[in-house]
1. For region 403-421, give me each residue that is outside any loop (DSSP other than H, G, I, E, B) and either surrounded by fewer than 13 Cβ atoms within 10 Å (Cβ to Cβ) or at pLDDT 85 or above (or both).
2. Going residue by residue through region 341-361, is there one that turns out to be surrounded by 16 or more Cβ atoms within 10 Å (Cβ to Cβ) and within 30 Å of residue 194 (Cα to Cα)?
3. Examine region 592-603 for a residue that is more than 27 Å from residue 658 (Cα to Cα), outside any loop (DSSP other than H, G, I, E, B) and modelled with pLDDT of 90 or more, and state whether such a residue exists.
4. Scan region 532-555 for residues that are buried (at least 18 other Cβ atoms within 10 Å of the Cβ) and in a helix (DSSP H, G or I) and report the count.
5. Mind telling me which of the residues 256, 261, 323 ends up being surrounded by 11 or more Cβ atoms within 10 Å (Cβ to Cβ), touching a helix residue (DSSP H, G or I) at 6+ places or on another chain (Cβ under 9 Å) and within 30 Å of residue 404 (Cα to Cα)?
6. Would you mind stating whether residue 554 is under 19 Å from residue 637 (Cα atoms) and at pLDDT 90 or above?
7. State whether the residues of region 80-100 include one that is surrounded by 15 or more Cβ atoms within 10 Å (Cβ to Cβ), assigned to a loop (DSSP other than H, G, I, E, B) and touching a helix residue (DSSP H, G or I) at 6+ places or on another chain (Cβ under 6 Å).
């Protein structure tokens, strides 16, 4: 670099006190694009040292030179208050001369982390001591840090008394960053994790390629921005800023987790490792932050916690006793089912020796040997052992013992999953009985199906011959006999058909047939079948169909009609006056299925509350008088219930005795 001289205006008059006669104007040596900049200490000449002891003489030319210099110049009195502030200082820091005159230079314009050092250097200058060029980072009107190299020179009266200090600065913010980046950038940009640096005010001054890739913001978008305020989610700001402040105060750097939002508003979990950054004098200049994206790890931890919670829930809700012991045989796990069987709560059991406290005395040696084998990891065993309950009873339990291991594979205990064998045996006996009962019922159903089928063939022959007989000339008495045969044969055929349907349902041989059909036609066909019978009794038959009823559905129209007709026939049978109504409506629907609700209402004799429970049982009617008065086998509704079940539906009744 070089220096320019500031000359006095000629003459030796002692003008206004405190003005310079000599001023050093600093120029910067620029490096070529392919060269690293020289150290910042080379940027200032040392011309001041040679001129400080000369008598100051007032010079208008000197004042003009200060005002128009291409470097920020500051004048400070003995109290540290600003007295001079040139145009370049106003440009760099954003404050006009009027805004700064009389304000404390160090306290109000110097960065907090350098105030003590700057005050010491200014005090040296006020004492007339030589001061080397030193760092004096200033803060602009907008809160932005400007790195300045400052040369402070005593300002003297004509008699040599010091009245203040004149400082000439050089804005080296860009040069300093360039020098840092020359060293740091290659290392940072090859790092596999995001790295950023912040100054003592929390503003970002470095941002590596991995940070750009992960977070999405370019360097230009982040440089100079407050890391916490501009990039941290609001709910994390207090915690993160507290950690940064602690680190900046020289306490141990923090490693902690927090949530960061990328430029695309994607949530990522990061682990932050902070390291202090210091200058050559050891002063803290900021922090280096190393980010590790742990989103996948957090997801894995969350999944692990979820699995642990599910396992805890499974253990607590299991319908089997589950217990755990440590390597000393002490209970470490005791689920509610174990507490239910043995009678001891978890608090009462945990910590006690399993064998000594809960195993019947005559089996303790055997059980201990088996548990010891499991704790040695030799094998997983299933064995019976008797537990002694809190009430002194004996509970036979089947246990499966499995070693528990830590992350290194070391056995830390054993888990036992048990089953109350007594109840299990009872269950097995019941299951055997049920199997036998089902087999007997299947045999009966098979027999009924076979017999009913064999009976229908000759019965249809009788009905057919009788129909032919009715077509021949008969006298009144003969026709009466033939009609009686027809009525009886039809009733017998209906009974045989009912028995055959019931047998098929119970044996699992009745299958629904699926065809497209119109539900409205099916319901109307059913009511048409009973309309003449209803009219003969003076009963009005009503059919009400939902206007939202689908035109085409897929299902077994014949079986649906059979159920509706059976219920309608019963309604007509047990109604002497009034009306019978069938109503069909769509209860719910999805893109592929409709749930159809069909209800039959009558004004008949009704059913008592007690009798409703057996309405859909086989061979059952409300009471014996019903059979005598109205007839019937009691199979129709039982078969209807079975058919509705095959169609994934339900059937029920609501009735008040005497009101239908």
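1. 403, 404, 405, 411, 412, 413, 414, 415, 416, 417 - these are the residues of region 403-421 that are outside any loop (DSSP other than H, G, I, E, B) and either surrounded by fewer than 13 Cβ atoms within 10 Å (Cβ to Cβ) or at pLDDT 85 or above (or both).
2. No: region 341-361 contains no residue that is surrounded by 16 or more Cβ atoms within 10 Å (Cβ to Cβ) and within 30 Å of residue 194 (Cα to Cα).
3. yes
4. So the count comes out to 1.
5. After applying the criteria, what remains is 323.
6. Working: under 19 Å from residue 637 (Cα atoms): no; at pLDDT 90 or above: yes.
When the stated conditions are applied, residue 554 does not pass them.
7. Within region 80-100, one or more residues are surrounded by 15 or more Cβ atoms within 10 Å (Cβ to Cβ), assigned to a loop (DSSP other than H, G, I, E, B) and touching a helix residue (DSSP H, G or I) at 6+ places or on another chain (Cβ under 6 Å).
Okay, residues lined up against (1) free of Cβ contacts under 8 Å to residues at least 60 places away in the same chain; (2) more than 29 Å from residue 595 (Cβ to Cβ):
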residue	(1), (2)
518	yes, no
538	yes, yes
543	yes, no
548	yes, no
560	no, no
584	no, no
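The values are calculated or read from the model by the stated rules, or taken from the named source; none is laboratory data. Everything quoted here is computed from the prediction, not taken from an experiment. Here the Cβ is made from the backbone with ideal geometry for all residues, glycine too, and neighbour counts use every protein chain on show.
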